[in-house]
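Below is one structure, written out as structure tokens; the observations come after it.
The values are calculated or read from the model by the stated rules, or taken from the named source; none is laboratory data. Since we're looking at a predicted model, the values are computed, not measured. Here the Cβ positions follow ideal geometry from the backbone for every residue, glycine too, while neighbour counts run over all protein chains shown.
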Amino acid sequence: MRLSEFTGDGIMNSKNFYATVNLDRQANRRSDTKWINKHLISQESRILPVWRGQSFVSIGESLSAAYLNYESLQSLKLKDKPIFLGSLNDYSYFCVDLSHLELPIEAVPTGTDKDFIDLRQIGGVMSPDEANLLAYARGISYWHQRNIYCGVCGKLTIVEESGHHRRCENKKCNTIQFPRTDSACIVLVHNGNKIILARADRFPPKMQSVLAGFLEPGESLEDCVAREVFEEVGIHLADIHYRHSQPWPFPSSLMIGFRARAISFDLKPDEKELVSAEWFTRKELKAITPESDLQLPRKDSIARKLIDEWLDEN
Ligand SMILES: [Zn+2]
């Protein structure tokens, strides 16, 4: 049974974009080479190529994931075997990294309607299952690219477990590396009918969002939320509650979403991190139009979901 079926409305209602909740990862099959190979060469195999962080998509009336089959891999001089992602709707999903090719679009058999595109630009308008698979492929390919050498002794590492471990080839070292995810807390800070939205220089024009920051070693998630909010806007918190989380593979974060109540109100934005931070009422946020000077975060983000949930409550 998958987690999404098991936990009922807690998880299902809080499903975030880029989380592969419907995919069966079949982690217990990753070391079964015979089983993996049988599925890789079958007609039901769908192989997602990733090229320098970009995803392969069909550009028709709508955007959809594009796939390679096993035969089409033979001329591509792959450095490693395809990574097994999991099973969904009778298909077995794999991914391959084509970053070693200069012009992959000439090497893979495509129609004119396919191309490599940054998922950040298109994920939000794709079907969630497909965008989630592309995010998974992008995230794990990114990890492989950056872990070719052992971080302990510097020797080459070897791919194991169908792409889910890398082991140092130096037998004396034998360090195993696992795909890394950077934990970041993101929090909607509220009090009464208002929430805090802030703007950083790197944001798209006009956008303001809830506060976020990376977890540090030795810190609980709740400690991280309290620290980040105090550092960024000088506000003390109470009632820090977990809401839901979102893989954010741009490049390798897990956004862990919280809601917390402010017990002080005087905002002191950290000028090194933020351009501005302000309290906004529900009325102000519900009145936003595409022409407004204030825009909310993109719809496929957990930041937007935390805001929309709060707006919907009243
Ligand atoms: Zn090593």
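Okay, residues lined up against (1) out of contact with any Lys or Arg (no Cβ under 9 Å at 6 or more places or on another chain); (2) in a helix (DSSP H, G or I):
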site	(1), (2)
Arg261	yes, no
Leu267	yes, no
Glu273	yes, no
Lys299	no, no
Ala303	yes, yes
Ile307	yes, yes
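Of all residues in the range 149-172, count the ones that are loosely packed, with under 15 Cβ neighbours inside 10 Å, among the hydrophobic types (A, V, I, L, M, F, W, C) and over 26 Å from Leu215 (Cα atoms).
Final tally of qualifying residues: 3.
I need the full set of residues from the range 65-88 which are loosely packed, with under 15 Cβ neighbours inside 10 Å and in contact (Cβ under 8 Å) with a residue 40 or more places away in the chain, in order please.
Across the range 65-88, the qualifying residue is only Asp80.
Select from the range 187-197 the residues that are surrounded by 18 or more Cβ atoms within 10 Å (Cβ to Cβ) and out of contact with any Phe, Trp or Tyr (no Cβ under 7 Å at 6 or more places or on another chain) and list them in ascending order.
Passing the criteria: only Val189.
Hey, does the range 131-142 have a residue that's outside the structural domain of Ala66 (by TED's automatic domain parsing), away from the ligand (no atom under 16 Å from the Cβ) and at pLDDT 95 or above? Show your work before the answer.
Taking the range 131-142 as the starting set, the residues that turn out to be outside the structural domain of Ala66 (by TED's automatic domain parsing) are none.
Within the range 131-142 (the criterion being outside the structural domain of Ala66 (by TED's automatic domain parsing), away from the ligand (no atom under 16 Å from the Cβ) and at pLDDT 95 or above), the answer is no, since none of the residues qualifies.
From (1) touching a residue at least 60 places away in the same chain (Cβ under 8 Å); (2) within 16 Å of the ligand (Cβ to nearest atom), pick out the condition that doesn't hold for Val187.
(2)
Test each condition in (1) part of a helix (DSSP H, G or I); (2) free of Cβ contacts under 8 Å to residues at least 12 places away in the same chain for Pro290 and report the one that comes out false.
The one condition Pro290 does not meet is (1).
I'd like to check something: does the range 204-221 contain any residue that is under 18 Å from Trp248 (Cα atoms), assigned by TED's automatic domain parsing to the domain that holds Ser276, of a type in the set (A, V, I, L, M, F, W, C) and in a helix (DSSP H, G or I)?
Among the residues of the range 204-221, at least one is under 18 Å from Trp248 (Cα atoms), assigned by TED's automatic domain parsing to the domain that holds Ser276, of a type in the set (A, V, I, L, M, F, W, C) and in a helix (DSSP H, G or I), which makes the answer yes.
Restricting attention to the range 113-123, does a residue exist that is among the acidic types (Asp, Glu), out of contact with any Ser or Thr (no Cβ under 7 Å at 6 or more places or on another chain) and on the phi < 0 side of the Ramachandran plot?
Yes, because at least one residue in the range 113-123 is among the acidic types (Asp, Glu), out of contact with any Ser or Thr (no Cβ under 7 Å at 6 or more places or on another chain) and on the phi < 0 side of the Ramachandran plot.
Would you please name the residue that is farthest from Val159 (Cα to Cα), looking only at residues in the range 170-184 that are out of contact with any strand residue (DSSP E or B) (no Cβ under 7 Å at 6 or more places or on another chain) and within 14 Å of the ligand (Cβ to nearest atom)?
So in the range 170-184, the residues out of contact with any strand residue (DSSP E or B) (no Cβ under 7 Å at 6 or more places or on another chain) come out as 170-173, 179-180.
Applying the additional criterion that residues be within 14 Å of the ligand (Cβ to nearest atom) yields 170-173.
Values: Asn170: 13, Lys171: 14, Lys172: 17, Cys173: 15 Å.
The extreme case among them is Lys172.
Kindly list, by first and then second residue, each pair from a residue in the range 157-170 that is without any contact (Cβ under 8 Å) to a residue 12 or more places away in the chain and of a type outside the set (S, T, N, Q) to a residue that is part of a loop (DSSP other than H, G, I, E, B) and within 13 Å of the ligand (Cβ to nearest atom), limited to pairs with Cβ atoms under 6 Å and residues at least 6 apart or on different chains.
Within 6 Å, the pairs are Ile158/Glu169.
Give the number of residues within the range 133-148 that are surrounded by fewer than 16 Cβ atoms within 10 Å (Cβ to Cβ) and either in contact (Cβ under 8 Å) with a residue 24 or more places away in the chain or not hydrophobic (A, V, I, L, M, F, W, C) (or both). Please lay out each step first, then the result.
Of all residues in the range 133-148, those surrounded by fewer than 16 Cβ atoms within 10 Å (Cβ to Cβ) come to 145-146, 148.
Checking which are either in contact (Cβ under 8 Å) with a residue 24 or more places away in the chain or not hydrophobic (A, V, I, L, M, F, W, C) (or both) leaves us with 145-146.
Number satisfying all stated conditions: 2.
Specify which of the listed residues (Arg146, Arg199) is within 16 Å of the ligand (Cβ to nearest atom) and not polar (S, T, N, Q). Even if it seems obvious, please write down each step before you answer.
Values: Arg199 fails: within 16 Å of the ligand (Cβ to nearest atom).
Step by step, each of Arg146, Arg199 is checked, and only Arg146 is within 16 Å of the ligand (Cβ to nearest atom) and not polar (S, T, N, Q).
Of the residues Ile288, Ile263, Ile307, which single one is crowded, with 16+ Cβ neighbours inside 10 Å, assigned by TED's automatic domain parsing to the domain that holds Leu215, modelled with pLDDT of 95 or more and of a type outside the set (S, T, N, Q)? Can you show your working first?
Values: Ile288 fails: crowded, with 16+ Cβ neighbours inside 10 Å; Ile263 fails: crowded, with 16+ Cβ neighbours inside 10 Å.
Exactly one residue qualifies, and that residue is Ile307.
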